[in-house]
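The structure under discussion appears below in the form of structure tokens.
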Amino acid sequence: MLKVDYMVQARGLAKHFPSRAGDVAAVRGVDIDVEVGEIVGFLGPNGAGKTTTLRMLTTLLAPTAGAATVAGHDLRREPVAVRARIGYVSQRGSTSPQALVGEELIDHGRLHGLSRATAEMRGRALISELDLDRSWDRPCGTLSGGQRRRLDIALGLINEPPLLFMDEPTTGLDPQSRANLWQHIRGLRDEHGVTVFLTTHYLDEADALCDRILVIDHGEIVAAGTPTELKREVSGDRVALQLHDPARLPSARAVVDRIAGVTVMRADGDLLDFSLPDASAALPGVMASLASAGVTLAGIEVRRPTLDDVFLSLTGRELRDQPIAA
Amino acid sequence: MRFLNETWLVFVRAMRLSLRNKVWLIIGLMQPLLYLALFGPLLKRIAGMPGFPHGNSWAVFTPGLLVQLGIFGALFVGFGLIAEVREGVIERMRVTPASRLALLAGRVLRDAVVLLVQSTVLLAAAYAFGLRAPIGGVVLAVLLVAFVGAAFASASYAVALLTGTEEGMASIANSIAVPLLLLSGILLPMTLAPGWLRTVSNVNPVKHIVDALRALFQGHVLSGTVGVGVLVGAALIAAGMAFGTRTFQRDSA
């Protein structure tokens, strides 16, 4: 039998917080499997339970129910062993502004039980690998947002963990720093075999970076798969036809309705908008049938589904449903 | 061994950052001197009043300042921890195999060392102003203050973790500090107080620490007052350390 090695295996992991209105379930029993060498994205809106789950997996929060093995050790029984084998990059940062970069790296390495010399050697290597050369003697507070996030990652890697947890790694970064950070995260996996588990509420990030995505909403995992699988399963392709003559809309609709698996989303004026499983295979036939039915087109648009569509169809909500602060 | 090593690491890091903060350093050292210079002279007039303890007025006043410095300074160290929580430093350190207790103990040790340095400066200045007190008693007094200060620092860190905000921390620390201060006889001895006030102040543990310190400054090392002070101090230390330790070891702290 083929044996798959898992870096994270969680079953029924749940967290309830007591409140005045009774128990509030932040996470309602999630199952998580992360294979060795994967980059897995935990995707969901703010308040979905992403950070709570991450804090449980990193031993910062005791689960109310469920069990998990993280980096080969039982989360509840051997939290210290788990901590020794993981790296954690928190959303809020991890350094004091007045502390020097080198000091934080050495101190953090030594809290992991490294000798001073080993901590310094690894720290310097990480700094150079993460494009932070010449920052060793600088106060952390003088680094830019992107630099500081890379320093957080360096701190998370000082114990050479096989598994790195990252909470919203690119939140608050400018587009260039985000792209740069994605490259570094891919490099961790490709060059060092580090398994990465990250949370994000950016669909483009999950799409660009992750081998597999778990979608969480209201404390439950509502979908899991590769970005391509998720898009294929959930939405299909979208096609919008613009007719020359609005009067021909009923004929056009009759043609489209005959195709297997079609859902008409909108039929209005000169516009016919529908989804179908595989547009590239079906469209040539559709065009021919439309022509023989006497429908001429003014325009045609084919759109591959995005993770936005996936999220909308899974949860009935847009992912970014919160107003962006002005 | 590993625990001591980790405590030392946390202590060195905390100390290094404290020393880098020049404003904090200057204020920390100037504060006791200002009390001596600006409040001390008032005491000479009061020293002859009925109820005022006999002897050198500086020997009555300086122990109060020591307690003020130690205990009430320590009550507010939690503010620094809230900043560290916000910076993510605490969470980063908690995802290492290091003992949670070491993360607390290293910081409390820093506060105790700072307190010892401040006390030394205060005492050197007080002797220059005219304090007359036996060195042995004074050293014991400083040690008592350092331990009780550590207990208050530990409790302050626990409150900081539990409240998580400066506002919450400030309201709790102030509501504890003000009655403790007013009912401790720090600035003027409670022997001057009317009977009812003296009775109320007797339930204030800090009052017994201040009394013990004054006795030590008189050289009455083996006295009942000192014994009570040491017992109260030990109880405070046990309570403060237990509170801090429990809070630091809670999973969500």
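The values are calculated or read from the model by the stated rules, or taken from the named source; none is laboratory data. Note that the structure is predicted; figures quoted are calculated from it, not measured. Virtual Cβ from ideal backbone geometry, glycine too; neighbours counted across all protein chains shown.
Out of curiosity, is B:Ala83 assigned to a helix (DSSP H, G or I) and more than 22 Å from B:Ile26 (Cβ to Cβ)?
no
Please tell me if B:Thr199 is at pLDDT 85 or above, assigned to a helix (DSSP H, G or I) and on the phi < 0 side of the Ramachandran plot. Steps first, answer last, please.
Values: at pLDDT 85 or above: yes; assigned to a helix (DSSP H, G or I): yes; on the phi < 0 side of the Ramachandran plot: yes.
Taking the combined requirement at face value, the residue satisfies it.
Could you tell me whether B:Phe248 is touching a Ser or Thr at 6+ places or on another chain (Cβ under 8 Å), under 30 Å from A:Leu60 (Cα atoms), touching a residue at least 24 places away in the same chain (Cβ under 8 Å) and of a type in the set (Phe, Trp, Tyr)? Quick ask: steps written out before the conclusion?
Details: touching a Ser or Thr at 6+ places or on another chain (Cβ under 8 Å): no; under 30 Å from A:Leu60 (Cα atoms): yes; touching a residue at least 24 places away in the same chain (Cβ under 8 Å): yes; of a type in the set (Phe, Trp, Tyr): yes.
Against the criterion (touching a Ser or Thr at 6+ places or on another chain (Cβ under 8 Å), under 30 Å from A:Leu60 (Cα atoms), touching a residue at least 24 places away in the same chain (Cβ under 8 Å) and of a type in the set (Phe, Trp, Tyr)), B:Phe248 does not qualify.
Just for the stretch A:214-242: of the residues that are among the aliphatic types (A, V, I, L, M) and either touching a Pro at 6+ places or on another chain (Cβ under 6 Å) or outside any strand (DSSP E or B) (or both), which one is surrounded by the fewest Cβ atoms within 10 Å (Cβ to Cβ)? Spell out how you get there, then give the answer.
So the first thing to find is which residues in the stretch A:214-242 are among the aliphatic types (A, V, I, L, M), and the list is A:214-216, A:221-224, A:230, A:234, A:239-241.
In the following step, the residues that additionally are either touching a Pro at 6+ places or on another chain (Cβ under 6 Å) or outside any strand (DSSP E or B) (or both) were identified as A:230, A:234.
On the way: A:Leu230: 24, A:Val234: 18.
Here the answer is A:Val234.
Looking at the stretch A:243-259, which of its residues are in contact (Cβ under 8 Å) with a residue 40 or more places away in the chain and part of a helix (DSSP H, G or I)?
Start the filter on the stretch A:243-259 by keeping residues that are in contact (Cβ under 8 Å) with a residue 40 or more places away in the chain, which leaves A:243-245, A:248, A:251-252, A:255.
Hits for the stretch A:243-259 are A:Arg248, A:Ser251, A:Ala252, A:Val255.
Among B:Val148, B:Val178, B:Val108, which is the only one that is assigned to a helix (DSSP H, G or I) and modelled with pLDDT of 95 or more? Spell out the reasoning first.
Values: B:Val148 fails: modelled with pLDDT of 95 or more; B:Val178 fails: modelled with pLDDT of 95 or more.
Checking each option against the conditions leaves just B:Val108.
Condition test on B:Glu91, is it within 14 Å of another protein chain (Cβ to nearest Cβ), without any contact (Cβ under 8 Å) to a residue 40 or more places away in the chain and closer than 18 Å to B:Gln249 by Cα?
Details: within 14 Å of another protein chain (Cβ to nearest Cβ): yes; without any contact (Cβ under 8 Å) to a residue 40 or more places away in the chain: yes; closer than 18 Å to B:Gln249 by Cα: yes.
Yes; evaluated as a whole, the condition is true for this residue.
Across the stretch B:94-150, which residue is surrounded by the fewest Cβ atoms within 10 Å (Cβ to Cβ) among those that are within 14 Å of chain A (Cβ to nearest Cβ) and of a type in the set (Ser, Thr, Tyr)?
Per the criteria, the residue is B:Ser99.
Starting from the stretch A:174-194, keep only residues that are modelled with pLDDT under 90, then list their pairs with residues that are assigned to a helix (DSSP H, G or I) whose Cβ atoms are within a distance under 6 Å, requiring at least 6 positions of separation or different chains.
Pairs found: A:Ser177/A:Gly146.
Hey, could you check the stretch B:4-39 for residues that are touching a Leu at 6+ places or on another chain (Cβ under 7 Å) and within 12 Å of chain A (Cβ to nearest Cβ) and say which is surrounded by the fewest Cβ atoms within 10 Å (Cβ to Cβ)?
B:Leu19
Look through the stretch B:7-25, keep the residues that are more than 18 Å from the chain's Cα centre (by Cα) and at pLDDT below 90, and return whichever of them is nearest to A:Leu111 (Cα to Cα).
That would be B:Asn21.
Does A:Asp137 satisfy the criteria of being within 14 Å of chain B (Cβ to nearest Cβ), over 27 Å from the mean Cα position of the chain (by Cα) and not aromatic (Phe, Trp, Tyr)? Talk me through it step by step, then tell me what you get.
Working: within 14 Å of chain B (Cβ to nearest Cβ): yes; over 27 Å from the mean Cα position of the chain (by Cα): yes; not aromatic (Phe, Trp, Tyr): yes.
Taking the combined requirement at face value, the residue satisfies it.
I'm trying to understand the selection: among the residues of the stretch A:59-103, which are hydroxyl-bearing (Ser, Thr, Tyr) and in contact with an Asp or Glu (Cβ under 9 Å, 6 or more places away or on another chain)? Show your work before the answer.
Here is the first cut: in the stretch A:59-103, the residues hydroxyl-bearing (Ser, Thr, Tyr) are A:59, A:64, A:69, A:88, A:90, A:94-96.
A:Thr59, A:Thr64, A:Tyr88, A:Ser90, A:Ser94, A:Thr95, A:Ser96 - these are the residues of the stretch A:59-103 that are hydroxyl-bearing (Ser, Thr, Tyr) and in contact with an Asp or Glu (Cβ under 9 Å, 6 or more places away or on another chain).
Using the structure shown, decide if B:Thr191 is closer than 24 Å to A:Ser90 by Cβ and more than 14 Å from every other protein chain (Cβ to nearest Cβ).
Numbers: closer than 24 Å to A:Ser90 by Cβ: no; more than 14 Å from every other protein chain (Cβ to nearest Cβ): yes.
No, not satisfied.
Check off (1) among the polar types (S, T, N, Q); (2) farther than 27 Å from A:Asp217 by Cα; (3) at pLDDT below 95 for A:Thr142 and give me the number that stays unchecked.
(3)
Keeping to the stretch A:90-116, report how many residues are more than 9 Å from chain B (Cβ to nearest Cβ) and either assigned to a helix (DSSP H, G or I) or crowded, with 24+ Cβ neighbours inside 10 Å (or both).
Summing the residues that are more than 9 Å from chain B (Cβ to nearest Cβ) and either assigned to a helix (DSSP H, G or I) or crowded, with 24+ Cβ neighbours inside 10 Å (or both) in the stretch A:90-116 gives 6.
Going by what's in this entry, would B:Gly240 be described as within 15 Å of the chain's Cα centre (by Cα) and either of a type in the set (D, E, K, R) or crowded, with 18+ Cβ neighbours inside 10 Å (or both)?
Numbers: within 15 Å of the chain's Cα centre (by Cα): yes; either of a type in the set (D, E, K, R) or crowded, with 18+ Cβ neighbours inside 10 Å (or both): yes.
Yes, satisfied.
To keep it simple, each residue is scored yes or no on (1) touching a Phe, Trp or Tyr at 6+ places or on another chain (Cβ under 9 Å); (2) farther than 30 Å from A:Leu164 by Cα; (3) not charged (D, E, K, R).
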position: B:Asn56; (1), (2), (3): yes, yes, yes
position: B:Gly88; (1), (2), (3): no, no, yes
position: B:Ser99; (1), (2), (3): yes, no, yes
position: B:Leu115; (1), (2), (3): no, yes, yes
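Quick one: which strands (runs of 3 or more DSSP E) sit completely within the stretch A:1-71 and have at least 3 residues that are in the same structural domain as A:Tyr88 (by TED's automatic domain parsing) and of a type in the set (Val, Ile, Thr)? Before you say what the answer is, go through the steps one by one.
Working: elements: A:6-19, A:22-35, A:39-43, A:65-70.
By residue number, A:22-35.
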